[in-house]
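**Q** Next up is a structure, given as structure tokens.
The values are calculated or read from the model by the stated rules, or taken from the named source; none is laboratory data. Treat the numbers as computed from the prediction; the structure is a model and nothing was measured. Note that we place each Cβ from the backbone using ideal geometry, even for glycine, and neighbour counts take in every protein chain shown. Side chains included, ligands, DNA and RNA excluded: accessible areas come from the protein's heavy atoms. Shrake-Rupley method; radii C 1.70, N 1.55, O 1.52, S 1.80 Å.
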Amino acid sequence: MASLPLKKNYRCVPSLQQFYSGGPFAVSSDGSSIACKCGESIKIVDSLDASIRSTIEGDLDEVTALALSPDDTLLFSAGHSRQIRIWDLSTLKCVRSWKGHEGPVMGMACHPSGGLLATAGADRKVLVWDVDGSFCTHYFKGHKGVVSSVLFHPDPTKQLLFSASDDTTVLVWDLLTKKCVATLSGHNSTVTSMALSEDGWTLLTAGRDKVVILWDLHDYSCMKTVTTYEVLEAVCAIYSGTPLSSYLGSCKKQNGKKSGLSETCFITVGDRGIVRIWNSEGSVCLYEQKSSDVTPSSDVDESNRGFTAAVMLPSDKGLLCVTADQEFLLYSPVKLPEGTLEFELSKRLVGYNDEIVDMKFVGDDEQFLAVATNLEQVRVYDIASMSCSYVLAGHTGIVLCLDTCVLSCGKPLIVTGSKDNTVRLWDSESKCCLGLGIGHMGGIGAIAFSKKRKDFFVSGSSDRTIKVWSLDGLSDNTEKPVNLKAKAGVAAHDRDINSVAVAPNDSLVCSGSQDRTACVWRLPDLVPLIVLKGHKRGVWSVEFSPVDQCVITASGDKTIKIWAISDGLCLKTFEGHTSSVLRASFLTRGTQFISSGADGLVKLWMVKTDECIATYDQHDNKVYALAVGKKAEMLATGSSDAVINMWYDCTASDKEEAFRREEEGVLKNQELENAVLDADFSKAIQVAFELRRPHKLYKKRETEKQMEKALLALGEEEIKLLFEYVREWNTKPKLCHVAHFVLSKVFNILSPTKINEIKGIGEILEGLLSYSQRHFSRMDRHETNTYLVNYTLTGMSVIEPETDTRVLHDKSLLHSSADDEKGTLINEPEDEERKTSQRFKEEAATKKRKSKKSKDGSTCNKKAFRLAMSTITYSETSPEYLRVTSNDGEN
């Protein structure tokens, strides 16, 4: 069998991140993006695949209201701090902010013109602001409770503003007269939502009193009250020209009903988690969903269930509903062959996953990913779009573990273990529960399918037991799950069991526990085979090698160990994680493995060399979940930071990229050499910068004109890069002269204003100044030290003082001329010859005396010279000693 190529690197693609933590949100005018509150930040999310387009960070407090301008260029936000902010979505910067309310802002709406912003506050006031000037244009006060929502009339000819409050009333404000023109009282509970009909003359209000009231805006009277028998959170009017309106019209014709002129169709959602369509004429329900798509919860609090908001998307994009557990459900109306209408769930975007506990790939093609979080359900994601395809609901406790397999018939199965002490077997295609296993006395924290025959699975529980469950007796009847039978069970450990794994040939099972041991058992009767002891903390993960008779374990003692099954000896120990190692899985037929830990790191290891060849830091918290694809070309990791990252093998692509860069480097090097030989220094500098090899240029000696010409051809980015190189050269004494030569040329060519415009130049110049000061101080010290050398050598008569012969000659001429003026006789030639001879004799005698003195004191002179040189060396670091030495020399 040919060996598989080793994995050297994985490329991370952040696939699923937290983007909505509940609360306010705003949908763009075209429905392509959603602005969501996420903790203390705001995230702009793509409505197609839940990818985060941008994030608005800053000094944001808890966001309580959001709104978008009609052209989607501005985002308005407000929070508990009462600060109203306007964000430019192109730059993600706050362009204006102000305070106006005396309490938190609970709702806001932007005028269709985009020039006005209305805010509703907990201080019972409604304020209208000028967007450009940030000043208040209208001050409305009249509610007796918290104002929860506001709505502008879409018709610019009707300058009306509607506000709904906890005092069960809706007030209508005239923007021209700045007065309240009507008080709509009819609800018995909080008004949660408002909507306007297509003609603009009917106002729909929904409340928690389970009714929808239609108001006539001609005289502000109550036209109709529709009882829905459901606590309502949102109402949406249906306009003509939409696919939903055409479907409703065809349905009415088939039923023999005529459309009235005054009838209004609308959608309601509430705590039941279903979508219903109503007709105001007769107050009849035209459509009701058969079952809720909201994830059922075991929470006793009913307020945490159902829908919390709904928005009709433009064009034919359908209906967007928001659930209490931070999910966005996108419905599309579909006309069935029998002519009836159905809302099809086209997309489920999960805004918050909480901690990712476990995950596995589903199916042979591995297009889906089953994820267990801190919920009672298992969410199955489509890897291509990372939208939640479906939810497996049935457990009454948090799902702690799961595993997947594909039967010989091609049916994909999912098995889950929960805190409710039960295991469930699911059909991934029909999305139904096939079997239920009851028998454990504690929460099931580990589960694993058979690898070969795939006719059983093993579970480990906090009751310290292991059980083997048979898949016999399963039927295609999905109405009621069958009771699964346990073939064997054993009390395996002294503490909770964290992990179980089945051998590739289904002959053995290994279990890891908090009692710091891992045990190997023989199937099918769970006969103990060997105990693996050596870890100092609990064992979090166990797995069999796909080819060798060994087991890998990951422990809370920050180590990973490989054990021999035959004698239980530890073959290798791997250290590198800085915290507990939570998962470890083999790759490449057991020659490599990958691990994840509580330190948020994912590491790739070589088994043969005990070496970690790659470390990835893409998580901010504990990485509990690690899923490996069948060919190890794809990985998935999930952590307690609610982030799921997909990893793709990029070893081959990295190799090709390195080869391509090497080829380009060779060509660029040749291009650089040719440019230098041709004296084309502008091109040479550009190529040297691209290659990051500027030393190729300062080895050459160019003329100043060529240097100036080359510098003039550089752009702003290249000038900045040049300054960075100069800063680096300036740190080295051998290259500082080159740095200052280049600096002088740059300063002569570029003006200070242009240099100051370069981004980040200030930090670079600060680095240049500090080292330049050192260089100039060093040069000053050397210059001062040369005075001492000169003085010392002169004092030892090693060198003669310099005299200017021209000055002496001029003095002698002046002296002669002065004698002539006084009338002194000019010497005769004989006297001159006699004086010259006498001078030669005196000079010869002086040379002999100096020669004798030099011979006698040569040793003393050498010692004095060495002492002077040592004094120079010390004087470089101590100017005070230099002055003392100079004074001693003078004395």
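**Q** Got at least one residue in the stretch 325-347 being of a type outside the set (Val, Ile, Thr), outside any strand (DSSP E or B) and surrounded by 15 or more Cβ atoms within 10 Å (Cβ to Cβ)?
**A** Taking every residue of the stretch 325-347 in turn, at least one turns out to be of a type outside the set (Val, Ile, Thr), outside any strand (DSSP E or B) and surrounded by 15 or more Cβ atoms within 10 Å (Cβ to Cβ).
**Q** With the structure loaded, tell me whether Asp88 is more than 17 Å from Phe135 (Cβ to Cβ) and either open to solvent by less than 40 Å² (accessible area, probe 1.4 Å) or free of Cβ contacts under 8 Å to residues at least 40 places away in the same chain (or both) or whether it fails that test.
**A** When the stated conditions are applied, Asp88 passes them.
**Q** What strands (runs of 3 or more DSSP E) completely inside the stretch 348-390 contain at least 2 residues that are of a type outside the set (A, V, I, L, M, F, W, C)?
**A** By residue number, 356-362, 377-382.
**Q** So which residues in the stretch 138-166 are in a loop (DSSP other than H, G, I, E, B) and not charged (D, E, K, R), if there are any at all?
**A** Matches in the stretch 138-166: Gly142, His143, Gly145, Val146, His153, Pro154, Pro156, Thr157, Gln159.
**Q** So Ala206 fits all but one of (1) at pLDDT below 75; (2) closer than 23 Å to Leu171 by Cα; what number is the exception?
**A** Among (1) at pLDDT below 75; (2) closer than 23 Å to Leu171 by Cα, the lone unmet condition for Ala206 is (1).
**Q** State all residues of the stretch 59-75 that are in contact with a strand residue (DSSP E or B) (Cβ under 8 Å, 6 or more places away or on another chain) and over 26 Å from Val350 (Cβ atoms); if no residue qualifies, say none.
**A** Hits for the stretch 59-75 are Ser69, Pro70, Thr73, Leu74.
**Q** Still on this structure: Within the stretch 531-585, can you find the residues that are β-branched (Val, Ile, Thr), under 34 Å from the mean Cα position of the chain (by Cα) and in a loop (DSSP other than H, G, I, E, B)?
**A** Selection gives Thr578 alone.
**Q** One residue is enough: does the stretch 607-614 have a residue meeting the conditions open to solvent by 10 Å² or more (accessible area, probe 1.4 Å), on the phi > 0 side of the Ramachandran plot, assigned by the TED database to the domain that holds Ile644 and among the hydroxyl-bearing types (Ser, Thr, Tyr)?
**A** Checked the stretch 607-614: no residue is open to solvent by 10 Å² or more (accessible area, probe 1.4 Å), on the phi > 0 side of the Ramachandran plot, assigned by the TED database to the domain that holds Ile644 and among the hydroxyl-bearing types (Ser, Thr, Tyr).
Quick grid of which residues meet (1) within 27 Å of Gly270 (Cα to Cα); (2) in contact (Cβ under 8 Å) with a residue 60 or more places away in the chain:
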{"position": "Asp325", "(1), (2)": "yes, no"}
{"position": "Leu329", "(1), (2)": "yes, no"}
{"position": "Pro333", "(1), (2)": "yes, yes"}
{"position": "Pro337", "(1), (2)": "no, no"}
{"position": "Thr340", "(1), (2)": "yes, yes"}
{"position": "Gly351", "(1), (2)": "yes, yes"}
{"position": "Val357", "(1), (2)": "no, yes"}
{"position": "Val362", "(1), (2)": "no, yes"}
{"position": "Asn374", "(1), (2)": "yes, no"}
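**Q** Closer than 23 Å to His153 by Cα and out of contact with any Gly (no Cβ under 8 Å at 6 or more places or on another chain), is that true of Gly115?
**A** Here the answer is yes, as Gly115 does meet what is asked.
**Q** In addition: Mind counting the residues in the stretch 484-507 that are open to solvent by 40 Å² or more (accessible area, probe 1.4 Å) and over 45 Å from the mean Cα position of the chain (by Cα)?
**A** Residues meeting the conditions: 4.
**Q** Same structure again: Thr157 versus (1) farther than 25 Å from Trp98 by Cβ; (2) open to solvent by less than 50 Å² (accessible area, probe 1.4 Å); (3) out of contact with any strand residue (DSSP E or B) (no Cβ under 8 Å at 6 or more places or on another chain): which is the lone unmet condition?
**A** (2) is the only condition that Thr157 fails.
**Q** Inside the stretch 644-681, can you point out the residues that are among the acidic types (Asp, Glu) and in contact (Cβ under 8 Å) with a residue 60 or more places away in the chain?
**A** Asp649, Asp654
**Q** List every residue pair whose Cβ atoms sit under 8 Å apart, with the two residues 6 or more apart in sequence or on different chains, where the first one lies in the stretch 424-437 and is free of Cβ contacts under 8 Å to residues at least 24 places away in the same chain and the second, anywhere, is basic (Lys, Arg).
**A** So the pair list comes out as Glu429/Lys411.
**Q** When you scan the stretch 456-474, do you find a residue that is open to solvent by 50 Å² or more (accessible area, probe 1.4 Å) and either in contact (Cβ under 8 Å) with a residue 60 or more places away in the chain or more than 30 Å from Val547 (Cα to Cα) (or both), even just one?
**A** So far as the stretch 456-474 goes, yes, one or more of its residues are open to solvent by 50 Å² or more (accessible area, probe 1.4 Å) and either in contact (Cβ under 8 Å) with a residue 60 or more places away in the chain or more than 30 Å from Val547 (Cα to Cα) (or both).
**Q** What residue, of Pro546, Pro524, is touching a Gly at 6+ places or on another chain (Cβ under 6 Å) and modelled with pLDDT under 95?
**A** Criteria check complete, one pass: Pro546.
Per-residue answers, yes or no, for (1) part of a loop (DSSP other than H, G, I, E, B); (2) small (Gly, Ala, Ser); (3) over 21 Å from Val399 (Cβ atoms):
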site: Tyr624; (1), (2), (3): no, no, no
site: Ala636; (1), (2), (3): no, yes, no
site: Ala652; (1), (2), (3): no, yes, yes
site: Glu656; (1), (2), (3): no, no, yes
site: Leu667; (1), (2), (3): no, no, yes
site: Leu672; (1), (2), (3): no, no, yes
site: Ala679; (1), (2), (3): yes, yes, yes
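**Q** Scan the stretch 496-515 for residues that are of a type in the set (D, E, K, R) and closer than 24 Å to Met359 by Cα and report the count. It would help to see each step written out before you state the result.
**A** Within the stretch 496-515, the first condition is being of a type in the set (D, E, K, R), and the residues that meet it are 496, 506, 515.
Going one step further and asking which of them are closer than 24 Å to Met359 by Cα, we end up with 496, 506.
Total satisfying the criteria: 2.
**Q** Given Phe747, Phe723, which one is surrounded by 14 or more Cβ atoms within 10 Å (Cβ to Cβ) and part of a helix (DSSP H, G or I)?
**A** Phe723
**Q** Further, regarding this structure: May I ask you to verify whether Arg516 is over 23 Å from Trp540 (Cβ atoms) and open to solvent by 20 Å² or more (accessible area, probe 1.4 Å)? Don't jump to the end; show me each part of the working.
**A** Numbers: over 23 Å from Trp540 (Cβ atoms): no; open to solvent by 20 Å² or more (accessible area, probe 1.4 Å): yes.
No, not satisfied.
**Q** Test of understanding: among Glu718, Glu671, which residue is open to solvent by less than 60 Å² (accessible area, probe 1.4 Å), modelled with pLDDT of 80 or more and more than 29 Å from Arg778 (Cβ to Cβ)?
**A** On the way: Glu718 fails: modelled with pLDDT of 80 or more.
Within the list Glu718, Glu671, the selection yields Glu671.
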